[in-house]
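Peer 1: If you scroll down you'll find the structure; I have some questions about it.
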Amino acid sequence: MDPNSSYKFTFLLLLSLFLHSTVSDGASSVFFLDNPSHRYFRSPSPDASSKISSLSLSEVGAAISVLLGFAPPVTLSSASSSKLNEVLVPNPFDRPGSVLILEVTGAEGVSIEALRSNVVNKNRADIQLPDAGEVSLFSLDEPKTDAEYSDKELSEFVSASWLSGSYVNEELTIPLEDDADLIFQLSKEADREFVTSLVSLTHKIQRAMEMHQDLSGAVHRPSELISGKFDGLKALKEQYGAEGVVKGSKLFSIVMSKMFDSLTEAYKGQIVGVIVCNETPSVAESLFNVIFTSPPSARWLEETKTSPNSTVIEEIILVRRTVAWITGILLIIATLLGIYFLFNMPLTRDTLLYSNVKLD
């Protein structure tokens with residue numbers, strides 16, 4: 001099996017299990033998607049029951065900073081650094097420099113044969129990056145409305161070669177390899193919200209690839225972070241329960257497999273994916289907040305600004321004036337003495353004027 005086929009199979013299996021299954025504890029999970037031909041993450045254990053230590057969202061954010069080619073936050077503890085070593089390949093000179101991070105709401109974490117971790121401490125976390133000029137950000141969270149996509153556009157989407165589906169009378173049909181069909185009634189609000197969210201996501205990822213092509217010609221190509229949130233599965237879960245999630249996740253897996261494969265090709269393998277499965281209802285804010293930490297500016301030798309104190313100021317002025325007067329007086333005395341001895345010195349003793357004269 002060639003690397004591309006192996007990658008597609010691994011990615012599709014990963015997403016299918018990731019989104020089709022649930023666990024009893026309902027824990028949120030994070031999945032690290034890699035390219036098997038050039039790994040940036042540790043290889044997953046063949047034991048399906050094993051997984052790396054639980055990560056906090058701040059530790060996931062630190063991992064993303066490292067994957068983009070930057071140092072982790074200085075506030076990262078030694079325990080958190082050890083956890084990152086369980087995730088990342090220990091080669092600081094081999095980082096992808098590009099990351100797709102996608103938050104999927106309305107689905108539960110699962111246990112699969114892949115590199116994954118449960119998410120603890122699900123408070124909003126920061127992704128700390130250096131100056132904005134070194135990082136290119138692309139958001140997948142632009143506002144979306146159903147009116148953006150006409151029936152013709154939806155038909156073109158499902159009839160693509162990698163979907164081979166059909167769209168007739170507001171019914172979307174996608175054939176599967178097991179001779180079953182995925183059917184979505186777009187006359188129903190939940191189905192339409194899911195499908196239009198998926199179409200919107202693919203269009204935005206395609207725009208991210210176009211932007212990458214523009215950046216690839218730059219002399220100094222910045223790191224690239226593509227981030228967003230997918231809420232379509234949440235709508236299916238609220239309307240149909242677990243059965244709706246299973247059906248929607250199959251289509252999501254197919255589409256994202258194609259999209260990530262396209263990203264891998266466009267980025268020449270130098271991109272990884274981080275998918276955070278969040279079972280809680282969607283909120284306006286993302287789980288991650290990107291902040292820029294400007295490098296330290298040059299330090300100038302200048303006085304330390306203190307609170308006004310008239311006594312201290314008077315003492316400083318007195319000392320400065322005293323030193324200035326003493327220095328000035330000493331210079332005047334030295335100058336006068338030099339002039340006096342110069343004019344009273346015998347001419348024949350001036351070694352500069354009579355350096356070649358032999359004296360008796």
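Peer 1: Given the options Phe18, Phe41, Phe9, name the one that is at pLDDT below 85 and surrounded by 18 or more Cβ atoms within 10 Å (Cβ to Cβ). Reasoning before the result, please.
Peer 2: On the way: Phe41 fails: at pLDDT below 85; Phe9 fails: surrounded by 18 or more Cβ atoms within 10 Å (Cβ to Cβ).
Step by step, each of Phe18, Phe41, Phe9 is checked, and only Phe18 is at pLDDT below 85 and surrounded by 18 or more Cβ atoms within 10 Å (Cβ to Cβ).
Peer 1: Consider Leu84 against the criteria (1) closer than 23 Å to Met256 by Cα; (2) open to solvent by less than 20 Å² (accessible area, probe 1.4 Å); (3) modelled with pLDDT of 85 or more: it satisfies all of them except one. Which criterion is unmet?
Peer 2: All conditions are met except number (1).
Peer 1: Can you find even one residue in region 162-177 that is of a type in the set (S, T, N, Q), modelled with pLDDT of 70 or more and open to solvent by less than 20 Å² (accessible area, probe 1.4 Å)?
Peer 2: no
Peer 1: Take region 98-123 and flag every residue that is at pLDDT 75 or above, touching a Leu at 6+ places or on another chain (Cβ under 6 Å) and not β-branched (Val, Ile, Thr).
Peer 2: Within region 98-123, Glu103, Ser117 meet the criteria.
Peer 1: Can you spot a residue in region 63-80 that is at pLDDT below 75 and either within 21 Å of the chain's Cα centre (by Cα) or surrounded by 22 or more Cβ atoms within 10 Å (Cβ to Cβ) (or both)? If you could, list the steps in order and put the result at the bottom.
Peer 2: Step one: of region 63-80, the residues at pLDDT below 75 are none.
The answer is no; no qualifying residue exists.
Peer 1: Moving on. Take region 232-243 and flag every residue that is surrounded by 20 or more Cβ atoms within 10 Å (Cβ to Cβ) and either in contact with a helix residue (DSSP H, G or I) (Cβ under 7 Å, 6 or more places away or on another chain) or among the acidic types (Asp, Glu) (or both). Break it down into steps so the answer makes sense when it comes.
Peer 2: Taking region 232-243 first, the residues surrounded by 20 or more Cβ atoms within 10 Å (Cβ to Cβ) are 232-237.
Result: Gly232, Leu233, Ala235, Leu236, Lys237.
Peer 1: In addition: Under 29 Å from Gln128 (Cβ atoms) and either in contact (Cβ under 8 Å) with a residue 40 or more places away in the chain or open to solvent by less than 20 Å² (accessible area, probe 1.4 Å) (or both): is that true of Ile271 in this structure?
Peer 2: Details: under 29 Å from Gln128 (Cβ atoms): yes; either in contact (Cβ under 8 Å) with a residue 40 or more places away in the chain or open to solvent by less than 20 Å² (accessible area, probe 1.4 Å) (or both): yes.
Here the answer is yes, as Ile271 does meet what is asked.
Peer 1: Please tell me if Ala284 is part of a loop (DSSP other than H, G, I, E, B), open to solvent by 100 Å² or more (accessible area, probe 1.4 Å), at pLDDT below 85 and within 30 Å of Phe70 (Cβ to Cβ).
Peer 2: Details: part of a loop (DSSP other than H, G, I, E, B): yes; open to solvent by 100 Å² or more (accessible area, probe 1.4 Å): yes; at pLDDT below 85: yes; within 30 Å of Phe70 (Cβ to Cβ): yes.
Answer is yes for this residue.
Peer 1: A further question on this structure: Do you know which residues across region 197-235 are polar (S, T, N, Q) and not in a helix (DSSP H, G or I)? Show your work before the answer.
Peer 2: As a first pass, look at region 197-235 and keep what is polar (S, T, N, Q): 197, 200, 202, 206, 213, 216, 223, 227.
If the condition is that a residue be polar (S, T, N, Q) and not in a helix (DSSP H, G or I), then Ser223, Ser227 are the ones that fit.
To keep it simple, each residue is scored yes or no on (1) among the β-branched types (Val, Ile, Thr); (2) at pLDDT below 75; (3) open to solvent by less than 40 Å² (accessible area, probe 1.4 Å); (4) under 16 Å from the mean Cα position of the chain (by Cα).
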site	(1), (2), (3), (4)
Ser29	no, no, yes, no
Phe32	no, no, yes, yes
Ser58	no, no, no, yes
Phe93	no, no, no, no
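The values are calculated or read from the model by the stated rules, or taken from the named source; none is laboratory data. Small disclaimer: the values here were computed from a predicted structure and weren't measured. Cβ sites come from the backbone with ideal geometry, for glycine too, and all protein chains shown count toward neighbours. Note: accessible area is taken over every heavy atom of the protein model, side chains too, but ligands, DNA and RNA are not part of it. Shrake-Rupley method; radii C 1.70, N 1.55, O 1.52, S 1.80 Å.
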